[in-house]
Amino acid sequence: MSNSGAAVDLGEVFGPSHRGDEPDLVQLLTPEGERVEHPEFTFDLDDEAIKGFYRDLVLTRRIDTEATALQRQGELGIWASLLGQEAAQIGSGRALKPQDFAFPTYREHGVAWARGIDPLRLLALFRGVDHGGWDPKEGNFGLYTIVIGAQSLHATGYAMGLQRDGVIGTGDPERDAAVIGYFGDGATSQGDVNEAFVWAGVFNAPIVFFCQNNQWAISVPIEKQSRAPLYQRAAGFGFPGVRVDGNDVLAVYAVTQAALQRAREGSGPTLIEAFTYRMGAHTTSDDPTRYRLSDELESWQKRDPISRVKAYLVAQKAADDDFFAGIEQEADELAEHLRSGCLAMPDPSPLDIFGQVFAEQTAELQLQHDQYADYLASFEGEHA
Amino acid sequence: MTAITIAKGLTMGLRAAMEADPKVLIMGEDVGKLGGVFRVTDGLQKDFGEDRVIDTPLAESGILGTAVGLAMRGYRPVCEIQFDGFVFPAYDQIVSQVAKIHFRSRGRVPMPIVIRIPFGGGIGAVEHHSESPEAYFAHTAGLKVVACSNPVDAYWMIQQAIASDDPIVFLEPKRRYWEKGELDEDAEPDPLHVSRVVRPGTDVTVLAYGPMVKTALQASAAAEGEGKSLEVIDLRTLSPLDVDPIYESVRRTGRAVVVHEAPVNLGLGSEIAARVTENCFYSLEAPVLRVGGFDTPYPPSRIEEEYLPDLDRVLDAVDRTLDY
């Protein structure tokens with residue numbers, strides 16, 4: 001063994017420390033509203049479908065705007081805005097079939113919309129009325145999960161359940177099912193997300209991991225979560241990863257649709273990194289001016305997910321003024337539904353919580369219920 | 001009647017549950033071909049296949065997290081945690097997800113998951129293989145916690161736990177896995193969440209569960225020789241506690257000693273002492289005493305017998321309560 005000489009440069013012997021050869025995003029509609037081709041992915045729906053997406057995008061944004069206003073007026077405790085991520089959510093949500101199942105974080109308001117969940121149910125959570133007021137079996141849309149990344153394992157387990165139920169790879173398009181698990185860029189640092197990747201890979205689970213890389217985990221930029229591009233992580237777990245323009249609803253739809261179909265056919269998991277941007281604060285409690293520059297926001301404003309669809313529809317003469325006015329009208333009605341529904345929402349009864357802990361009630365909880373009911377009753381008439 | 005060990009009772013109970021319901025799955029590290037490090041799942045993968053007895057990757061959060069998803073899809077996962085000290089990587093999924101999803105969903109989504117944990121010390125093991133984590137789980141709303149102490153209970157309780165629609169932490173006394181008992185498969189078992197007097201007595205109530213039931217019974221036999229009559233209660237259910245048999249006994253004896261391997265500070269004994277004091281105050285002749293592990297991490301195995309409550313430490317507490 002000799003220490004002399006410099007035969008081997010240890011800086012290079014293992015190869016580069018990360019791959020800098022990031023490919024372009026999969027994009028099918030430019031920020032200017034022009035359709036472009038991609039060698040692997042095609043958007044195969046007509047302009048009527050694109051008009052439907054436009055409606056979804058606008059209504060989803062209106063839900064967000066109205067909820068933010070309600071929070072500012074004290075009607076919601078907090079709101080997690082999806083501003084800027086509408087295309088990632090509508091494109092992926094609309095790629096789902098009824099039999100597919102979606103596991104959301106707490107920001108998937110657009111996916112909830114695509115799954116037919118009344119957005120009032122979302123507001124109930126952020127108002128503090130409940131922790132999730134919808135039935136996951138109606139719309140196959142799981143409850144919002146607030147612990148970062150925890151739902152990625154639930155999604156993987158559910159996908160393993162689909163395998164055991166024999167609803168994968170039968171060739172019956174009404175029957176074959178897949179799971180989509182949502183999470184953000186910050187969540188990719190969590191053990192649970194990485195364990196979900198391990199499980200999904202090993203069991204070849206029918207799942208699409210849908211990562212909305214909105215560049216920020218509250219105040220921490222993506223550079224501090226990952227040295228490698230996120231979609232490249234999939235390779236280490238033995239399945240494909242792809243990066244898509246998360247602000248391009250057509251590309252997101254096409255890529256997600258293909259990944260879901262791959263899962264339904266039994267070919268296993270895919271990681272999709274939807275490259276997007278959180279235009280607003282993390283939540284209404286956050287102040288992004290403390291940690292990011294307005295230049296960045298302005299550059300992403302030019303890539304707005306809605307304006308490019310409108311530009312396309314106008315250029316194609318696929319939609320006229322009446323169409324756009326009609327959507328605006330519908331958005332106003334939706335906002336009014338949310339506002340009046342939110343204000344009219346009754347508070348839950350404190351006595352209800354005791355009965356919701358277990359499927360089979362315990363004597364101890366029943367006793368606590370009864371004692372608290374007696375305690376409440378002891379105040380009756382006091383302030384009459 | 002068949003003579004079986006606790007481990008065998010669990011294996012038989014798991015097999016019966018799998019035969020009774022095709023939705024029952026077993027998942028964990030080494031549970032397949034090996035049959036688990038304690039052989040509790042021995043032969044099950046061979047008979048029920050790899051889809052129902054799943055050798056998982058080595059990550060406990062992954063086991064519990066995927067079990068949640070399987071439960072949402074209608075399955076009844078039975079998760080094996082290899083040793084007590086390895087449950088903590090899964091702690092977040094257990095406490096924040098398994099325990100809360102029924103409540104979060106306002107009762108729409110049940111979580112019929114059983115979390116089997118071989119627990120307690122006395123096997124001469126290295127660190128993290130001898131712990132008693134029950135209080136963490138008993139403290140968590142939304143979980144039920146039980147501990148078996150003998151082969152007959154092992155056989156029935158595991159089946160009842162699997163049949164429950166609620167998540168259950170199922171504690172197995174690992175150092176007693178090879179203790180024998182007589183099983184009558186035609187007998188009618190006690191319900192799951194019931195405590196039981198396993199030795200009647202008149203002077204002091206000794207409350208124990210899991211591996212300490214045998215220790216308490218040994219103490220009661222020794223005390224008998226000294227003219228002291230100990231009533232031993234096997235708690236069996238740690239959350240919810242089945243308090244009525246405890247109160248009934250303490251009202252007769254006026255004295256209670258709680259025994260567990262876990263540290264006494266904020267352990268099950270503390271809760272039982274508080275409840276007994278609150279509900280049997282005028283019957284008590286002495287304060288409720290606790291015998292347990294020290295507030296140290298579990299010690300190296302060469303001195304673990306000093307840490308673990310034994311017959312003499314139980315008798316010492318019995319004497320102190322009688323002398324009070």
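The values are calculated or read from the model by the stated rules, or taken from the named source; none is laboratory data. Owing to the predicted nature of the structure, the values given are computational and were not obtained by experimental measurement. Here Cβ is always computed from backbone atoms with ideal geometry, including for glycine, and neighbour counts include all displayed protein chains. For accessibility, only protein heavy atoms count, side chains too; no ligands or nucleic acids. Shrake-Rupley method; radii C 1.70, N 1.55, O 1.52, S 1.80 Å.
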Please determine, by comparing only the residues of region B:87-111 that are assigned to a loop (DSSP other than H, G, I, E, B), open to solvent by 10 Å² or more (accessible area, probe 1.4 Å) and touching a Pro at 6+ places or on another chain (Cβ under 8 Å), which one is nearest to B:Leu266 (Cα to Cα).
B:Val109
Taking the stated definitions as given, is B:Thr321 surrounded by 20 or more Cβ atoms within 10 Å (Cβ to Cβ), at pLDDT 95 or above and over 23 Å from the mean Cα position of the chain (by Cα)?
yes
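Identify the residue in region A:132-168 that is acidic (Asp, Glu) and under 21 Å from A:Ile90 (Cα atoms) and, among all such residues, is least open to solvent (accessible area, probe 1.4 Å). Break it down stepwise before answering.
Of all residues in region A:132-168, those acidic (Asp, Glu) come to A:135, A:138, A:165.
Filter once more, keeping what is under 21 Å from A:Ile90 (Cα atoms): A:135, A:138.
Values: A:Asp135: 41, A:Glu138: 126 Å².
If we take residues in region A:132-168 being acidic (Asp, Glu) and under 21 Å from A:Ile90 (Cα atoms), then A:Asp135 is least open to solvent (accessible area, probe 1.4 Å).
Are any of the residues in region B:118-137 closer than 18 Å to B:Thr237 by Cβ, under 17 Å from the mean Cα position of the chain (by Cα), of a type in the set (S, T, N, Q) and away from chain A (no Cβ under 13 Å)? Talk me through it step by step, then tell me what you get.
Taking region B:118-137 and keeping what is closer than 18 Å to B:Thr237 by Cβ, we get B:119-120, B:132-137.
Remaining after also requiring under 17 Å from the mean Cα position of the chain (by Cα): B:119-120, B:132-137.
Imposing the further condition that a residue be of a type in the set (S, T, N, Q) reduces the set to B:132.
Add one more test, that the residue is away from chain A (no Cβ under 13 Å), and what stays is B:132.
Within region B:118-137, one or more residues are closer than 18 Å to B:Thr237 by Cβ, under 17 Å from the mean Cα position of the chain (by Cα), of a type in the set (S, T, N, Q) and away from chain A (no Cβ under 13 Å).
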Tally time: how many residues in region A:157-177 are within 13 Å of another protein chain (Cβ to nearest Cβ), touching a residue at least 12 places away in the same chain (Cβ under 8 Å) and not in a helix (DSSP H, G or I)?
3
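Can you find, within region A:194-212, the residue that is surrounded by the fewest Cβ atoms within 10 Å (Cβ to Cβ) among those that are of a type in the set (A, V, I, L, M) and facing chain B (nearest Cβ under 10 Å)? Don't jump to the end; show me each part of the working.
First, the residues of region A:194-212 that are of a type in the set (A, V, I, L, M): A:196, A:198, A:200, A:202, A:205, A:207-208.
Now restrict to residues that are facing chain B (nearest Cβ under 10 Å): A:196, A:198, A:200, A:202, A:205, A:207.
Numbers: A:Ala196: 35, A:Val198: 18, A:Ala200: 33, A:Val202: 14, A:Ala205: 28, A:Ile207: 34.
Out of the qualifying residues, it is A:Val202.
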Within region B:229-245, which residues are among the aliphatic types (A, V, I, L, M) and more than 15 Å from B:Ala216 (Cα to Cα)?
B:Leu238, B:Leu241, B:Val243
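Name the residues in region B:78-98 that are hydrophobic (A, V, I, L, M, F, W, C) and closer than 21 Å to B:Val53 by Cα, would you?
Residues of region B:78-98 hydrophobic (A, V, I, L, M, F, W, C): B:78-79, B:81, B:83, B:86-88, B:90, B:94-95, B:98.
Within region B:78-98, B:Val78, B:Cys79, B:Ile81, B:Phe83, B:Phe86, B:Val87, B:Ala90, B:Ile94, B:Val98 qualify.
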Quick one: B:Glu29 ticks every box in (1) open to solvent by 20 Å² or more (accessible area, probe 1.4 Å); (2) out of contact with any strand residue (DSSP E or B) (no Cβ under 6 Å at 6 or more places or on another chain); (3) within 14 Å of chain A (Cβ to nearest Cβ); (4) farther than 29 Å from A:Gln361 by Cα bar one, so which box is it?
(1)
So, B:Ala67, is that one more than 7 Å from every other protein chain (Cβ to nearest Cβ), among the hydrophobic types (A, V, I, L, M, F, W, C) and outside any loop (DSSP other than H, G, I, E, B) or not?
no
I'd like the residue in region B:47-64 that is part of a strand (DSSP E or B) and open to solvent by less than 10 Å² (accessible area, probe 1.4 Å) and, out of all such residues, is farthest from the other protein chains (Cβ to nearest Cβ).
B:Val53
Can you find, within region A:310-366, the residue that is nearest to the other protein chains (Cβ to nearest Cβ) among those that are open to solvent by 80 Å² or more (accessible area, probe 1.4 Å) and not in a helix (DSSP H, G or I)?
A:Glu360
If a residue must be in contact (Cβ under 8 Å) with a residue 40 or more places away in the chain and at the interface with chain B (Cβ under 10 Å from one of its Cβ atoms), how many such residues does region A:118-146 contain?
5
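Just one of B:Asp295, B:Asp244, B:Asp234 is acidic (Asp, Glu) and crowded, with 23+ Cβ neighbours inside 10 Å; which is it? Don't jump to the end; show me each part of the working.
Numbers: B:Asp295 fails: crowded, with 23+ Cβ neighbours inside 10 Å; B:Asp244 fails: crowded, with 23+ Cβ neighbours inside 10 Å.
Result: B:Asp234 is the single residue among B:Asp295, B:Asp244, B:Asp234 that is acidic (Asp, Glu) and crowded, with 23+ Cβ neighbours inside 10 Å.
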Does A:Phe275 fit the bill of being of a type in the set (A, V, I, L, M, F, W, C) and either over 23 Å from A:Ile50 (Cα atoms) or open to solvent by less than 10 Å² (accessible area, probe 1.4 Å) (or both)?
no
B:Gln160 vs (1) in a helix (DSSP H, G or I); (2) crowded, with 24+ Cβ neighbours inside 10 Å; (3) of a type outside the set (Val, Ile, Thr); (4) in contact with a strand residue (DSSP E or B) (Cβ under 9 Å, 6 or more places away or on another chain): all pass except (2)
Long-range neighbours under 8 Å by Cβ, at least six apart or interchain, first residue under 15 Å from A:Lys97 (Cβ atoms) and open to solvent by 10 Å² or more (accessible area, probe 1.4 Å) within region A:243-272, second assigned to a helix (DSSP H, G or I) and of a type in the set (S, T, N, Q)
A:Tyr253/A:Ser92
Criterion first (under 27 Å from A:Ala205 (Cα atoms) and either of a type outside the set (Lys, Arg) or open to solvent by 10 Å² or more (accessible area, probe 1.4 Å) (or both)) does A:Phe41 satisfy it?
yes
Could you please give the count of residues in region A:82-102 that are small (Gly, Ala, Ser) and surrounded by fewer than 24 Cβ atoms within 10 Å (Cβ to Cβ)?
1
Count of residues meeting criterion [in a loop (DSSP other than H, G, I, E, B), surrounded by fewer than 24 Cβ atoms within 10 Å (Cβ to Cβ) and of a type in the set (Gly, Ala, Ser)] in region B:126-153
2
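Could you tell me how many of the residues in region A:52-78 are part of a loop (DSSP other than H, G, I, E, B), touching a Lys or Arg at 6+ places or on another chain (Cβ under 7 Å) and over 16 Å from A:Ala112 (Cβ atoms)? It would help to see each step written out before you state the result.
If we filter region A:52-78 for residues that are part of a loop (DSSP other than H, G, I, E, B), which is where we start, we get A:73-78.
Add one more test, that the residue is touching a Lys or Arg at 6+ places or on another chain (Cβ under 7 Å), and what stays is A:75-77.
Adding the requirement that they be over 16 Å from A:Ala112 (Cβ atoms) leaves A:75, A:77.
Counting residues in region A:52-78 that are part of a loop (DSSP other than H, G, I, E, B), touching a Lys or Arg at 6+ places or on another chain (Cβ under 7 Å) and over 16 Å from A:Ala112 (Cβ atoms) gives 2.
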